[in-house]
Amino acid sequence: MSTHVMIDLETLGTGNYAAILSIGACKFDPQGDDISERFHVHVDPESCQNIGMRIDAPTVMWWLHPDRAPARLKLIGDEGTTRHPIQDALDGFAQWFGKTSLPTWGNGSDFDNVILRNAFTLSGMACPWEFWDNRCFRTYKSLTSFRPPREGTAHDALDDAVYQAETLQMITKHLGLTP
């Protein structure tokens, strides 16, 4: 069994230093059928700004569109929803990830992995995966138009990470690839 990690971020920007709202991730075997472990944390965006991450108005407006209401509800949660300082969220993610670098997928070569790595750097923390283990899910899914039915809430970090991992597994089987 080969263990890979799929990450997905919800952010308040689209640049390399976008403030993070939530981190979702899962561990999976790209040639398997299941998701072995999951991680999800809500992040205090003000703590992101405090280390130099940025919020941009067009992304805030994108989040306010009525189509994003289900994702906003999950993101905001209720009064009991805890938003963790970015350093605590990163520490939790690193502990969940483990001490061994694993192939780490994000939806775009210049988005999730880059933003999360930059958050680690700005926080003075080591990123848990090595640069050579970066993988681009967007490139992989462009190899075919095959897509499984969508489950979960779009733009919820954990639901997106799980859906992307399941899609990668199905594409791998469909095309007979070894990622």
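General remarks:
- Search result, residues across region 30-46 that are more than 14 Å from the chain's Cα centre (by Cα) and touching a residue at least 60 places away in the same chain (Cβ under 8 Å): Pro30, Gln31, Gly32, Asp33, Ile35
- Neighbours by Cβ (under 8 Å, 6+ apart or cross-chain): first from region 136-161, farther than 13 Å from Leu9 by Cα; second hydroxyl-bearing (Ser, Thr, Tyr) and part of a loop (DSSP other than H, G, I, E, B): Cys136/Ser109; Arg138/Ser109; Thr139/Ser109
- Filtered residues of region 73-87 (kept if surrounded by 15 or more Cβ atoms within 10 Å (Cβ to Cβ), of a type outside the set (S, T, N, Q) and part of a helix (DSSP H, G or I)): Lys74, Leu75, Ile86
- Helices (runs of 4 or more DSSP H) contained in region 103-179 and holding at least 2 residues of a type in the set (Asp, Glu): 157-175
- Condition met for Cys48 (surrounded by 13 or more Cβ atoms within 10 Å (Cβ to Cβ) and more than 19 Å from Leu122 (Cα to Cα)): no
- Any hit, region 94-107, residues being surrounded by fewer than 17 Cβ atoms within 10 Å (Cβ to Cβ), of a type in the set (D, E, K, R) and within 23 Å of Met1 (Cα to Cα): yes
- Filter result (without any contact (Cβ under 8 Å) to a residue 60 or more places away in the chain, in contact with a helix residue (DSSP H, G or I) (Cβ under 7 Å, 6 or more places away or on another chain) and hydrophobic (A, V, I, L, M, F, W, C)) within region 47-61: Ile55
- Residue list for region 55-72, restricted to those being assigned to a helix (DSSP H, G or I) and under 17 Å from Ile115 (Cβ atoms): Pro58, Thr59, Val60, Trp62, Trp63
- Check on Leu102, more than 17 Å from Ile20 (Cβ to Cβ) and within 16 Å of the chain's Cα centre (by Cα): yes
- Residue tally, condition touching a residue at least 40 places away in the same chain (Cβ under 8 Å) and part of a loop (DSSP other than H, G, I, E, B), over region 88-102: 1
- For region 36-61, filtering for residues that are touching a Lys or Arg at 6+ places or on another chain (Cβ under 7 Å) and at pLDDT 95 or above leaves 4.
- Only residues that are surrounded by 14 or more Cβ atoms within 10 Å (Cβ to Cβ) and out of contact with any helix residue (DSSP H, G or I) (no Cβ under 6 Å at 6 or more places or on another chain) were counted across region 122-139, and they come to 6.
The values are calculated or read from the model by the stated rules, or taken from the named source; none is laboratory data. If you're wondering where the values come from, they're calculated on a predicted model, not measured in any experiment. Ideal geometry is used to build each Cβ from the backbone, glycine not excepted, and the neighbour counts take in all protein chains shown.
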